[in-house]
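A short write-up of the structure that comes next.
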Amino acid sequence: MEQGHALEVLLTEEEIADKVSFLGEQISRDYAGSGELVLVAVLRGSVYFAVDLSRCLAIPFVLDFIGISSYAAKTDPLGIVRITKDLDTNIASKNVLLVEDIVDTGLTLNYLLKNLRTRKPLSLRVCALLDMPARRIVNVPVDYRGFEMPDVYVVGYGLDYQERYRNLKEIAVLK
C-alpha cells in the first residue's frame with residue numbers, strides 16, 4: 001500500500017463500498033420518478049467515487065465531468081478557482097447532483113455551486129464521500145454525506161498527495 005510515506009488506514013475498502021452502496025440507494029429513492037439525473041463529478045479526485053456511485057444507482061442518469069484548479073495568490077490568500085474542463089451536458093431544467101470526493105473549507109464547492117446555478121438547473125444538490133466540517137470557511141450544503149472526517153490529510157480512493165496515492169482502495173492518513 002505504501003508509496004514512500006507512512007499511512008494509517010481510516011476507512012477500509014469494504015467500509016467505503018458499503019457507504020457508496022447506501023448513498024446510491026438513498027439517491028435512487030430521492031430521485032425516483034423525477035426524470036434523468038445529471039451526475040457532475042469534479043475532476044480528478046471524485047472520479048473513483050463517482051463511478052462506483054453511478055453503479056449503485058437504480059435510476060436513469062448522465063455522468064459528466066467538470067475540472068477545476070485552485071491556487072493561492074498573493075492578492076487572495078483564500079485562493080483562486082477556475083474551471084479547466086467544463087461540462088459537455090446542458091444542465092438547464094435538469095436535476096443535478098454534484099459529486100465531490102471531499103468537502104473541507106467549502107471554498108471550491110461554493111464557487112462550483114454559484115457557477116452551476118447560473119446554468120438554471122431544476123435542482124442542484126451535493127454528494128460528498130468525505131466531509132470535514134471542522135475546516136469549513138464557507139457554509140456550503142452537503143446533501144448526501146458518506147463520512148464525517150477529522151481534520152487530517154487523507155489519501156486514497158481518488159484523493160492524492162502530489163498526484164500519488166489516488167489508486168489506493170482504502171482511505172488513509174498520510175503521516
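The numbers here are math on the coordinates, done by the rules we state, and not lab data. Worth saying up front: this structure is predicted, and the values here are computed from it rather than measured. No Cβ is skipped: glycine too gets one built from the backbone with ideal geometry, and neighbour counts run over all protein chains shown.
Name every residue in region 93-122 that is within 17 Å of the chain's Cα centre (by Cα) and hydroxyl-bearing (Ser, Thr, Tyr), in order of residue number.
105, 108, 111
Conditions first: (1) crowded, with 17+ Cβ neighbours inside 10 Å; (2) over 16 Å from the mean Cα position of the chain (by Cα); (3) of a type in the set (Asp, Glu). Residue 30 passes all but one, so which condition is the exception?
(1)
Considering region 89-145 alone, what residues qualify as being in contact with a Leu (Cβ under 9 Å, 6 or more places away or on another chain), farther than 27 Å from residue 33 by Cα and of a type outside the set (Val, Ile, Thr)?
Across region 89-145, the qualifying residues are 104, 107, 109, 130.
When you go through 9, 20 one by one, which is the residue that is surrounded by fewer than 19 Cβ atoms within 10 Å (Cβ to Cβ), under 17 Å from residue 166 (Cβ atoms) and β-branched (Val, Ile, Thr)?
None of the others qualify; the one that does is 9.
For the structure I just gave you, tell me whether residue 107 is free of Cβ contacts under 8 Å to residues at least 60 places away in the same chain and surrounded by 13 or more Cβ atoms within 10 Å (Cβ to Cβ).
Numbers: free of Cβ contacts under 8 Å to residues at least 60 places away in the same chain: yes; surrounded by 13 or more Cβ atoms within 10 Å (Cβ to Cβ): yes.
When the stated conditions are applied, residue 107 passes them.
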